[in-house]
1. Might you check whether a residue that is of a type outside the set (Val, Ile, Thr), touching a helix residue (DSSP H, G or I) at 6+ places or on another chain (Cβ under 9 Å), open to solvent by 50 Å² or more (accessible area, probe 1.4 Å) and part of a helix (DSSP H, G or I) occurs anywhere in segment 114-129?
2. Please verify whether Gly3 is farther than 27 Å from Cys91 by Cα and modelled with pLDDT of 55 or more, treating the condition exactly as stated.
3. With respect to Ala195, is the statement that it is at pLDDT 90 or above, farther than 22 Å from Asn123 by Cα and surrounded by 12 or more Cβ atoms within 10 Å (Cβ to Cβ) true?
4. Within segment 17-24, is even one residue buried (at least 16 other Cβ atoms within 10 Å of the Cβ) and at pLDDT 95 or above?
5. Leu156 - would you say it is over 22 Å from Ser248 (Cα atoms), crowded, with 20+ Cβ neighbours inside 10 Å and either at pLDDT 90 or above or more than 11 Å from the chain's Cα centre (by Cα) (or both)?
6. Could you check how many residues of segment 183-217 are under 30 Å from Ile256 (Cβ atoms) and of a type in the set (Gly, Ala, Ser)?
7. Please go through segment 29-51 and pick out each residue that is in a loop (DSSP other than H, G, I, E, B), touching a Ser or Thr at 6+ places or on another chain (Cβ under 8 Å) and at pLDDT 95 or above.
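The values are calculated or read from the model by the stated rules, or taken from the named source; none is laboratory data. What you see is a predicted model; the values in this text were computed from it and never measured. When we count neighbours, we look across all protein chains shown, and the Cβ atoms used for this are built from the backbone with ideal geometry, even at glycine. With ligands, DNA and RNA removed, areas are computed over all heavy atoms of the protein, side chains included. Shrake-Rupley method; radii C 1.70, N 1.55, O 1.52, S 1.80 Å.
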Amino acid sequence: MGGLKLRRLASSLLSPVPAASPGSAADAHNAVARATAHHPSTAPPSAHHMDALLAFGRGSRLSAAALAAAFVDRLRAAASGQGDAAVALKCLVALRVLLARGAFILRDQLLAALARHPASGRNPLALAAFPLGLGGRRSSSSSFAAASWVRFSARLLELVLLLPDAAPAGADAEYLVALPNPHLVAELAAFVAVADAVRHAPPPPSSGPQPDALVWEAVRLAEEDRVAAERNIAARVQEMGERLDTLSLADAVELICVLRRVEEGSAPPAPEWKWAGLDEGVVGAARRLRERAEGVVLRRTVEERRLVRRDAGGSTSARVLVPARVAAGGDAARFASTRWAGTVSAWR
């Protein structure tokens, strides 16, 4: 028995070092390279390769972080020099799918890796200057279309990263009711930004004998984002209508600005571009809410001016609400919303 144990120990010590475990940095870079290979340049990442990428979200946090880092490196390499539009667009398409279908741990690591660094300002998605004149086997028109969609998809992905996490199915109403007014207005503005960005997307490529499936996949994902944004805009407009009278002056002013952007999104920027604007029903609801919000702003403005006049006359109760240093133009008072205090001075 003792000899058997010694032989097993010797065998384990003399055996070659095993390869890197699944989920390591090397595995992540290989998986990303296979999913975003340049050839074929007009094909999106295959379902098999996407499944391999999604598997990194079912492991440890380290494996998810390794995949996120591999995507950042791949994007930077694709944007360097003359640029590789096929690789860059495949990366952006794959990232959008992973953010929609990936496990929470994977989405969390992707958000951290793709966000603008607060100290250095580095942003992996800053591809607005991606080269448009690319060589290679693609035709010039196809190269221009792919590069244009690289620029657009990177900007759209930046906006998608700013959206709130999706609420559980069937819990949208409960989620919205629990939001404070400033947060609800901010979320509405974030979804309006996504819808407005898609409205200004590059024109879809022409459907020829060999359509560019990669670009059309980016078109499909952008349309999905537009539809989801429209649904969330409608839900937040409805919720805001039920609590309009509870808005502060600053929140009401901000809401009006956001609703005007919704009204502007009712039609595509150019008739020859086949991008649909927001649904007329959503735009109509936003217009009616904006008109009501303007009435709230008028009432709040009159109320604040009365408070200021009372404070100028020496009213004690008014000084409790609006301290004298605010009326004198000094430091702002500490209200529940600092924007409210700033707006009191602005509307005087």
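1. Checking segment 114-129: not a single residue is of a type outside the set (Val, Ile, Thr), touching a helix residue (DSSP H, G or I) at 6+ places or on another chain (Cβ under 9 Å), open to solvent by 50 Å² or more (accessible area, probe 1.4 Å) and part of a helix (DSSP H, G or I).
2. So Gly3 fits the description; yes.
3. Against the criterion (at pLDDT 90 or above, farther than 22 Å from Asn123 by Cα and surrounded by 12 or more Cβ atoms within 10 Å (Cβ to Cβ)), Ala195 qualifies.
4. No, there is no match, as no residue in segment 17-24 is buried (at least 16 other Cβ atoms within 10 Å of the Cβ) and at pLDDT 95 or above.
5. yes
6. 7
7. Pro45
Every residue, every condition in (1) buried (at least 19 other Cβ atoms within 10 Å of the Cβ); (2) modelled with pLDDT under 95; (3) in a helix (DSSP H, G or I), yes or no:
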residue	(1), (2), (3)
Ser207	no, yes, no
Pro211	no, yes, no
Ala222	yes, no, yes
Leu259	yes, no, yes
Ala270	no, yes, no
Trp275	yes, yes, no
Gly281	no, yes, yes
